[in-house]
Amino acid sequence: MRALPVGDAALLIEVSSGGEARTLHAELVRRRAEGSLSVREIVPAARTVLLDGLTDPARLAAELTASEIPPAPPRARAVIELPVRYDGPDLADVAAQWGVSPEEVARIHAGTEFTVAFCGFAPGFGYLTGLPARYDVPRRATPRTAVPAGSVALAGPYTGVYPRSSPGGWQLIGTTDAVLWDHARVPAALLSPGTRVRFVGAA
């Protein structure tokens, strides 16, 4: 674990894997909830966690780098189910890369429980982990200039859902009507770090 200062009141904590980043994020959120950590923002990413709004970042940096982060507690949050039609234009390509039929891609994907590792790219976009490493797929060689909102996509170890139309290079395997970002909803984002997600096949 490495702690890097960011300005006068923030730290960027670097760890060696996505799993360690998720465990660290859960522990820091727990400490803030119990009142032992005063911090304004805790922002996880692929292998880092940013803490902003610290009163004594040097002290916390020393504490974190000298200690071991305990295992994350059991996940008690309810599972969010997202209905999905496995009709994406890249479904056949993904099936070929996996060495299975398109129907088997849908079965494997819908049979997996995912966890939101972190959010980014666009408001409401979560990077979901859960598929075994053998199902990693590369991004498309040529990104699309416009990916429709609701597209369910794969890239590397992640599954994601495009909350709005935008350019993108992920492999599109399906479509959902779920609203990932709604300004009128509290919170606006349907998915947040730590959220458990299952995709449910729809006709």
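The values are calculated or read from the model by the stated rules, or taken from the named source; none is laboratory data. On a predicted model such as this, the values are computed, not experimentally measured, just so you know. Backbone-built Cβ (ideal geometry, glycine too); neighbour counts: all protein chains shown. Only protein heavy atoms, including side chains, enter the accessible area calculation; ligands, DNA and RNA are left aside. Shrake-Rupley method; radii C 1.70, N 1.55, O 1.52, S 1.80 Å.
Comparison of Ala96, Ala21, Ala92 shows that the only residue that is under 29 Å from Thr159 (Cα atoms), within 23 Å of the chain's Cα centre (by Cα), not in a loop (DSSP other than H, G, I, E, B) and not β-branched (Val, Ile, Thr) is Ala21.
When each of Val161, Val152, Val197, Val147 is tested for being open to solvent by less than 10 Å² (accessible area, probe 1.4 Å), hydrophobic (A, V, I, L, M, F, W, C) and more than 18 Å from Ile80 (Cβ to Cβ), the lone residue that passes is Val147. Among the residues making up segment 33-46, those that are assigned to a loop (DSSP other than H, G, I, E, B) and either crowded, with 18+ Cβ neighbours inside 10 Å or at positive phi (or both) are Gly35, Val39, Ala45. Filtering segment 167-182 to residues that are open to solvent by 30 Å² or more (accessible area, probe 1.4 Å) and part of a strand (DSSP E or B) leaves Pro167, Thr175, Trp181.
Among residues of segment 78-96 that are closer than 25 Å to Ser192 by Cβ and at pLDDT 95 or above, those with a beta-carbon under 7 Å from a residue that is of a type in the set (Lys, Arg) and open to solvent by 60 Å² or more (accessible area, probe 1.4 Å) at least six positions away or on a different chain give the pairs Glu81/Arg198. Summed over segment 99-117, residues that are on the phi < 0 side of the Ramachandran plot, not β-branched (Val, Ile, Thr) and not in a helix (DSSP H, G or I) total 5.
Evaluation of Pro71 against the conditions (1) out of contact with any helix residue (DSSP H, G or I) (no Cβ under 7 Å at 6 or more places or on another chain); (2) open to solvent by 60 Å² or more (accessible area, probe 1.4 Å) shows that the sole unmet condition is (1). Just one of the listed residues (Arg198, Arg185, Arg164, Arg134) is in a loop (DSSP other than H, G, I, E, B) and under 27 Å from Thr48 (Cα atoms), and it is Arg164.
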